[in-house]
1. Could you list, in sequence order, the residues of region 236-264 that are within 19 Å of the chain's Cα centre (by Cα) and part of a loop (DSSP other than H, G, I, E, B)?
2. Looking at region 14-31, which of the residues that are part of a loop (DSSP other than H, G, I, E, B) and within 20 Å of the chain's Cα centre (by Cα) is nearest to Ala241 (Cα to Cα)?
3. Taking the residues in region 245-281 that are of a type in the set (Val, Ile, Thr) and modelled with pLDDT of 95 or more as candidates, determine which candidate is farthest from Ala69 (Cα to Cα).
4. Has region 28-44 got at least one residue that is closer than 22 Å to Phe117 by Cβ and either touching a residue at least 24 places away in the same chain (Cβ under 8 Å) or among the aliphatic types (A, V, I, L, M) (or both)?
5. Any residue in region 170-183 that is farther than 13 Å from Glu222 by Cβ sitting within a Cβ distance under 8 Å of a residue that is surrounded by fewer than 14 Cβ atoms within 10 Å (Cβ to Cβ) and of a type in the set (Asp, Glu)? List the pairs, counting only those 6 or more apart or interchain.
6. Would you check which residues across region 222-250 are over 21 Å from Gly37 (Cα atoms) and either touching a residue at least 12 places away in the same chain (Cβ under 8 Å) or touching a Lys or Arg at 6+ places or on another chain (Cβ under 8 Å) (or both) and list them?
7. Checking Leu256 against (1) among the hydrophobic types (A, V, I, L, M, F, W, C); (2) in contact (Cβ under 8 Å) with a residue 24 or more places away in the chain; (3) under 29 Å from Pro178 (Cα atoms), which single condition isn't satisfied?
8. Just for region 221-274: of the residues that are more than 24 Å from His10 (Cβ to Cβ) and among the polar types (S, T, N, Q), which one is surrounded by the most Cβ atoms within 10 Å (Cβ to Cβ)?
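The values are calculated or read from the model by the stated rules, or taken from the named source; none is laboratory data. Values in this document were obtained by computation on a predicted structure and should not be read as measured data. When we count neighbours, we look across all protein chains shown, and the Cβ atoms used for this are built from the backbone with ideal geometry, even at glycine.
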Amino acid sequence: MIAAIDAHHHLWNYSAEEYGWISDDMAVLRRDFTPAGLKERMDAAGVAGAVAVQARQSVVETEWLLQLASKNDFMMGVVGWLPLASPGVGRYLERWGGNGKWKGVRHVVQDEPDDRFLLGEAFQAGVGELEGSGLVYDILIYERHLPVAVEFVDHHPRQRFVLDHVAKPRIRDGAISPWRENLRELARRENVYCKVSGMATEADWKDWTGEGLRPYFEVALEAFGPARLMFGSDWPVLEVAGTYGKWVETVREWVLGLSEDEQRRILRETAVEAYGLRVRD
């Protein structure tokens, strides 16, 4: 079995004030989620390493994730948050620039009231600061934002991007267009990678199946190819719709028909390449 790398997970010490986005129907998430809990699930599912991604728009959280990564070898990288739309981004690049576990930056664009937030002058200037740093920018959007994301990426041809959660198609509604066409357009930009993650939580939480989600996976596979597609769990958010083990098993089943090299790309090597992860032989 290929030892996978989970390119997308979260950790937190829960408080209602800091995690107000966790609504009543997501009450299962109103507790602490720790490296030990994640490692237990990874070991059971044959996952060897992971990339932690921000869940709060907080520099304090980024510092905390980097500290956890320094103490846990299986945490291979951190995608944190920076105030990209504010002056002074450069001081954070200097502060953490020597930390080998810092791999990328993300902003929760999906929650911004302006659907064209990505194109804001101040935000784009902050993303421009990342160019040349080796840091990835993770794009977190809903499918309606894809045309704007295309324009955004075109402004930064030398920046490496990773699209989170296949841009959250409207799976619960059974809709595949215009998500499919817009995803294909974004995938034409070779500096964009894509995570196979977050799909179960866009479907019916109690009634989704791997076969039901397969058409969305196949669109992403056709668009990005195995070389720019990577597995991610989105744990513990995943817990509202299923278990870590079920999601890993689902993705492994989807890739079974591919060559071994293609399976390795999706399950681990794409994440290694995109984030510059250090893998021990």
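1. Those that are within 19 Å of the chain's Cα centre (by Cα) and part of a loop (DSSP other than H, G, I, E, B): Pro236, Ala241, Gly242, Thr243.
2. If we filter region 14-31 for residues that are part of a loop (DSSP other than H, G, I, E, B), which is where we start, we get 14-23, 30-31.
Restricting the remaining residues to those that are within 20 Å of the chain's Cα centre (by Cα) gives 19, 21-22.
Working: Tyr19: 19, Trp21: 16, Ile22: 14 Å.
Here the residue is Ile22.
3. Of region 245-281, the ones of a type in the set (Val, Ile, Thr) are 248, 250-251, 255, 266, 270, 272, 279.
Narrowing further to those that are modelled with pLDDT of 95 or more: 248, 250-251, 255, 266, 270, 272.
Numbers: Val248: 22, Thr250: 27, Val251: 25, Val255: 29, Ile266: 23, Thr270: 20, Val272: 16 Å.
Ranking the candidates gives Val255 first.
4. Going through region 28-44, the residues closer than 22 Å to Phe117 by Cβ turn out to be none.
Looking for residues that are closer than 22 Å to Phe117 by Cβ and either touching a residue at least 24 places away in the same chain (Cβ under 8 Å) or among the aliphatic types (A, V, I, L, M) (or both), one finds none in region 28-44, hence no.
5. Arg172/Asp204
6. Of all residues in region 222-250, those over 21 Å from Gly37 (Cα atoms) come to 222-230.
Glu222, Ala223, Phe224, Pro226, Ala227, Arg228, Leu229, Met230, listed by residue number.
7. If we test Leu256 against (1) among the hydrophobic types (A, V, I, L, M, F, W, C); (2) in contact (Cβ under 8 Å) with a residue 24 or more places away in the chain; (3) under 29 Å from Pro178 (Cα atoms), just (2) comes out false.
8. That would be Gln263.
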